[in-house]
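All remarks here apply to the structure that follows.
Each reported figure results from applying straightforward, stated rules to the coordinates on display, with no laboratory input. Only a predicted model underlies this, so the values are computations on that prediction, with no experimental measurement involved. All Cβ positions, glycine included, derive from the backbone under ideal geometry; neighbour counts span all protein chains shown.
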Amino acid sequence: MSDTDIPHLDFTTPQPYPTWARMRSECPVMHNDGSDWDSRVTYSISTFSDAEKVMRDWETFSSSVNAEVIGQYMGDLILAMNGPEHRQYRNLVAHAFRASALDRWDTDVVVPLIHQLIDKFQADGKADLVAQVTSKYPVQVICAIVGVPLEDFEQFHQWAEEINTGPFDHERGMAASRNMRAYLEPIVEARRTDPRDDLITDLVTAEVDGEKLTDEKIYGFLRLLLPAGAETTFRTMGNALTALLERPDELARVTADRSLVPEVIEETLRWETSVPMISRISAKDAEVGGVTIPSGCPVSVLVGAADRDETRFDDGEEWKLGRPTQTHLAFGTGPHQCLGMHLARLELRTGLNVILDRLPNMRLDPSQPAPVIEGYAFRGPTAIPVLFDV
Ligand code: HEM
C-alpha cells in the first residue's frame, strides 16, 4: 500500500466515521508518525476486540497520559490514575454514585429540571432543542447534585467548556481551572462543618480504611465532574433526538411504546457516542492485533469506530432498533469505565420521556437547516429546530 492509500487521521474533520471504517478494514491498529500535536509515534485502535483488550489491560496501557494534557487544567485526575491508587480513589468517590442516590436525584432533581426547561417554551409550538433543552439540562442536573447554586449553572458550563478546550487555549483553560476552584473553596469548607445532602458533602466526608480525600483530589474530582457530566450527556441526548427526528416512523413508534426508550439510548450510544475517543500510553512493549506497539507510545482507542465494527454489529454504520442485545463501549470498559453511566442513562431516559410527553407531534422544522451530528473529540448537533403541537 502506498502512503497516499493509507487512511489519514484528521483531528479537525467534523466527520471521522468514513476514515474509521477504512481503518477497521485496512489497518485496524494504525501507526501515526509524530504530528503537530505530538512529536511521538502514536497508534490508533479501531476494532471492537482490540479496543476492549487495550482498555481492560491497565498494566500495559496506562491512563497516565491523561495527566499530560487535560490534567493540567483539572488537577489530580481519576482519569489519569492507575492500579491501587486508582482503585482506592474510585472507591471513595463511587459512593456518591450509588444506585440509591440515583433514585432520589430522579424525583428531586432530574424530573423537575427538565419540566422547568420545557415550561419556558411549550406554548411557542417551536424550539431549538439544543439551545433550550439539551445544553442546559445535564449541567443543571450536575450542579444540583454537586451542591452548587443552580443560578450559577451558566458560569459552570462556561468553565467546563474552557477546561475542556484548554489544550487549544492554555491561558483560558488555566484561568477557568483557578476560577472554578476559588468559587468552590468556600462551599467545600462550609460542607465540612455543615454537611448537607449533596455530592460535595459525600466527597469531604468519604472515608475508606481510615483514608479521606485530600483537597487536591477533591478539587480534581469536581473539576472533572462538571465537564464529564455536562459536556457528554447533553450531546448524546442531541444525538438520540436527531436519530428519532430523522426517522419519523420510529419516532411515532417510540412515542407510543415507551418500553423502547432504553433501546433508543443504547443504540444511540453505540452509533453516535458523544465521546468517541479515549487515550492511553503503552507502559511496556505490547502486541495488539498483530502489531507491535513499543513502550512509551500514546494510543488512541477509537470507541466510536469500535462500536460500528461490522464483525460485532451487522450494519454497524446504521442506527436501528431491534438489534440483538450486545454491549457497546461508549462508557468504556475495565477499571476506568464511566462512573456517571447510571446517571447519564437516567438523565437520558427521563429527558427523552418528558420531551415525548410534552411536545406532541414533534417534528423537524422544515424552514430551518436539519441537525448535523459533528465533531471529533466530542460529537453532537449544534442545533435541533423542531415544531410541535400546542
Ligand atoms: C452519555 C454520557 C457519557 C459518556 C458517553 C461518557 C463516557 C465516558 C468514558 C468513555 C469514560 C472512560 C474514560 C477512559 O477509560 O479513559 C468515562 C469515564 C468517566 N466518566 Fe463518563 N460519560 C458520560 C457521562 C458521565 C456523567 C454524567 C458523569 C458524572 C456525572 C461522568 C463521569 C465520569 C468519570 C468520573 C469518569 C472517570 C472514571 C475513572 O477514571 O475511573 N460521565 N466516561
_Dipole in debye (nearest 20) - the chain, about Cα centre, beta carbon charges: Lys, Arg +1; Asp, Glu -1_ = 520 debye
*Using the count of nearby Cβ atoms within 10 Å as a rough guide to exposure, how do THR47, THR255 rank from fewest to most?*
THR255, THR47
_For a quick check: sort ILE278, ILE187 by the number of other beta carbons within 10 angstrom, fewest at the front._
ILE187, ILE278
_Straight-line reach only, C-alpha to C-alpha below 17 angstrom: list the aspartates and glutamates that LYS320 could link to, leaving out same-chain residues fewer than 8 apart._
GLU246, ASP249, GLU250, ASP257, GLU263, GLU266, GLU267, GLU272, ASP307, ASP309, GLU310
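For GLU189, GLU171, GLU272, what's the fewest-to-most ordering of other Cβ within 10 Å of each Cβ?
Working: GLU189 12, GLU171 9, GLU272 25.
The fewest-first ordering by Cβ neighbours comes to GLU171, GLU189, GLU272.
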*Within the chain, what percent of beta bridges assigned by DSSP are antiparallel, to the nearest 5?*
90 percent
*Sum up the charges of everything whose Cβ sits under 13 Å from the Cβ of GLU263, counting Lys and Arg as +1 and Asp and Glu as -1, but leave GLU263 out.*
+3
*For segment 27-387, with equal point scatterers placed on the C-alpha atoms only and solvent neglected, what are the log10 I(q)/I(0) values from the Debye formula at q = 0.13, 0.15 1/Å, to two decimals?*
-1.10, -1.42
*Can you list the aspartates and glutamates whose alpha carbon sits under 14 Å from that of LYS284, skipping same-chain ones fewer than 8 residues off?*
ASP57, GLU59
_In nm, spacing of pseudo-spin labels at HIS95 and ASP33 (7 Å Cα→C-beta vector)_ = 5.3 nm
*Could you give P(r) for segment 46-118, binned at 5 Å from zero, as whole percent values over all Cα-Cα pairs?*
3, 13, 14, 14, 14, 14, 14, 10, 4, 0
*Cross-link partners of LYS120 among lysines (Cα-Cα below 27 Å; sequence separation of 8 or more within a chain)*: LYS136
*asked:* Quick check: the distance between the Cα centres of segment 164-178 and segment 113-129, to the nearest angstrom?
replied: 32 Å
*Whole-angstrom gap from segment 39-90 to segment 350-390, using each part's C-alpha centre*: 34 Å
*Quote the FRET efficiency, to the nearest 0.05, computed for ALA377 versus GLN15 with a Förster distance R0 of 22 Å and r equal to the Cβ-Cβ distance.*
0.95
